[in-house]
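The values are calculated or read from the model by the stated rules, or taken from the named source; none is laboratory data. Quick caveat, the model's predicted, so the values are computed rather than measured. When we count neighbours, we look across all protein chains shown, and the Cβ atoms used for this are built from the backbone with ideal geometry, even at glycine. Only protein heavy atoms, including side chains, enter the accessible area calculation; ligands, DNA and RNA are left aside. Shrake-Rupley method; radii C 1.70, N 1.55, O 1.52, S 1.80 Å.
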Amino acid sequence: NYLETQFDNCENVVILAHSLGGVIARKYLVEEIKQGRSAGLRVRAMILYGSPFDGSEWDRVTRFLAATKSQAAHVHADSAFLLELQKDWSRYVACLDWDIGEASQLAVPTYAMVGVKDTTVSDLSASFYSNRVRKVMKDHQGLVKPQDKNDEVYVTTKAFLQMIVKDLAKPRTNKTCV
């Protein structure tokens, strides 16, 4: 796979992804774990910017586009793809114990940045199964376009990365959920 071949010398990989890229990153992690490759999984954390894990606010538009664009079919709230991904994420990554109704610590810590002015992805959808969530006064595109080093997106991303670096100093548990 791409991470194994391109980042062979890296022990700790942090994925930063915007919008559908976050859904793709989550799907990648789930598939790695389901295929039994979790021992070699070097992704230690993810920072997601407005990723529609529980569907997009553009539900009617995505349903219309679904007939012509396969990606659009996957981002409406009740799509089979998203429902399966949510189930797999809760089982393989979030380690949600349905019997006792509690979620243990995420095997891959997930940080979410939510745009208060985002009309494409709701804050609930963007923060679904995330350890830490920060709301910023940005729209969907503004989440990945900081103006300068004082921009709240830049400051928040830097704070997330500092938390991740601090966590990387701790020994990894290699926790498996299944």
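Observations, loosely collected:
- Options VAL121, VAL114, VAL133; residue that is more than 26 Å from ARG42 (Cβ to Cβ) and not in a loop (DSSP other than H, G, I, E, B): VAL114
- Residue satisfying all of: in region 100-144; modelled with pLDDT under 90 and open to solvent by 80 Å² or more (accessible area, probe 1.4 Å); farthest from SER51 (Cα to Cα) among these: ILE100
- Check on VAL30, under 10 Å from the mean Cα position of the chain (by Cα), modelled with pLDDT of 75 or more, of a type outside the set (Ser, Thr, Tyr) and assigned to a helix (DSSP H, G or I): no
- SER51 surrounded by 17 or more Cβ atoms within 10 Å (Cβ to Cβ), modelled with pLDDT of 75 or more, among the polar types (S, T, N, Q) and more than 24 Å from LYS158 (Cβ to Cβ): no
- Within region 19-35, considering residues that are in contact with a Phe, Trp or Tyr (Cβ under 9 Å, 6 or more places away or on another chain) and hydrophobic (A, V, I, L, M, F, W, C), the one most open to solvent (accessible area, probe 1.4 Å): ILE33
- Selection within region 81-99: residues that are of a type in the set (A, V, I, L, M) and either in contact with a strand residue (DSSP E or B) (Cβ under 6 Å, 6 or more places away or on another chain) or open to solvent by 80 Å² or more (accessible area, probe 1.4 Å) (or both). The member of this set that is modelled with the highest pLDDT is LEU83.
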